[in-house]
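Structure, as structure tokens:
Read-outs: derived from the displayed coordinates by stated rules, not from any lab. This structure is a prediction, so every number in the text was calculated from the model and none was measured. Positions of Cβ are generated from backbone atoms using ideal geometry, with glycine treated the same way; all protein chains shown enter the neighbour counts.
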Amino acid sequence: EAGVAQSPRYKIIEKRQSVAFWCNPISGHATLYWYQQILGQGPKLLIQFQNNGVVDDSQLPKDRFSAERLKGVDSTLKIQPAKLEDSAVYLCASSLTSGRAGFSYNEQFFGPGTRLTVL
Amino acid sequence: QKEVEQNSGPLSVPEGAIASLNCTYSDRGSQSFFWYRQYSGKSPELIMFIYSNGDKEDGRFTAQLNKASQYVSLLIRDSQPSDSATYLCAVVEYGNKLVFGAGTILRVKS
């Protein structure tokens, strides 16, 4: 079974430029997550999709970040314009579903990540 | 939002020793807890999942949960240099969302 695919693996841009990341989840996984992991910190959830609908984007800086998941499969995360503090690894993960109502859990599988450096 | 606290380390142990990694969480209502391992430059991988008070063993790994103390730990027996990594503790929120701690760096010296 193929894992979660992400591209590009590395990106270097200057502040105020735009950048986009792509994610292809595991086939059949309905739920897709984007995390931001700053060096020395744990991953922080930015946005969660269930099929092509947004479940949670409460921690997404909406003035500069946007994400979409057209057709409920691939997803794109965009930053426009980038700031120095956006330098991080952007991880995409997927799971079969968001689980049953409540606190049940379906394992999230992570992609290799995209390392973004903003100069 | 729930908070998860971990000592950043590094925790250094000799090869063959037991490594003990600790995590505390803020929300008394949290029910499920996870330990992820993250090698440098790699993505996190799930190694343990626990939701009941007490111990859960899987090979060389034992997760321990004490909900009264809001404390979860991971023990690694017979530590190997290949266990050197960052260990992330996470709690699941409603809707399958994970809240991670900052992670503890483990170094196993041969």
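Numbers for the structure displayed
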read-out	value
Spatial separation of Cα centroids for segment A:34-63 and segment B:26-44, in angstrom	16
Segment B:1-105: C-alpha pair distances exceeding 20 Å, %	33
Cut-off under 5 Å, modelled amide H: who pairs with A:Gly42 long-range	B:Ala102
Taking N as its residue count, the alpha carbon Rg of segment B:1-61 over 2.2 N^0.38 Å	1.27
Relative frequency of Cα-Cα separations exceeding 31 Å in the protein assembly as shown, percent	22
Residue with peak Gaussian network fluctuation, chain A [Cα springs, cutoff 10 Å], from A:Gln48, A:Gln17, A:Gln108	A:Gln17
5 angstrom amide H check on A:Ser87, placed H, neighbours 5+ away	A:Val118
Aspartates and glutamates with Cα under 20 Å of A:Lys78, excluding same-chain neighbours fewer than 8 positions away	A:Glu14, A:Asp56, A:Asp57, A:Asp63, A:Glu68, A:Asp86
FRET efficiency, 1/(1 + (r/R0)^6) with R0 22 Å, evaluated for B:Arg77 and B:Ser110 via beta carbons	0.85
In order through segment A:27-44: 3J(HN,Hα) via Karplus (6.51 cos²θ - 1.76 cosθ + 1.60), integer Hz, x for Gly, Pro	4, x, 7, 7, 10, 10, 10, 10, 10, 10, 10, 7, 3, x, 10, x, x, 10
Given A:Lys44/B:Lys2; A:Lys15/A:Lys44; A:Lys11/B:Lys97, the pairs whose alpha carbons are separated by over 19 Å	A:Lys15/A:Lys44; A:Lys11/B:Lys97
C-alpha center-to-center spacing [segment B:73-87, segment A:11-27] in angstrom	33
Filtered trypsin sites (Lys or Arg not before Pro), segment A:1-31: DSSP coil and at most 14 other beta carbons within 10 Å	A:Arg9, A:Lys15, A:Arg16
Bridge type composition, chain A - antiparallel percent by DSSP, nearest 5	90
Amide proton proximity set for A:Ile47, modelled H, under 5 Å, gap of 5+	A:Trp34
Ranked by how many other beta carbons lie within 10 Å on average, peptides B:50-61, B:11-22 from highest	B:11-22, B:50-61
4 °C / 1.567 mPa s Stokes-Einstein diffusion coefficient of segment A:1-76, Kirkwood radius on C-alpha pairs, µm²/s	96
Förster radius 35 Å - calculated FRET efficiency between B:Ala68 and A:Asn51 (Cβ-Cβ, nearest 0.05)	0.35
Peptides A:19-28, A:84-93 ordered by average Cβ neighbours within 10 Å, highest first	A:84-93, A:19-28
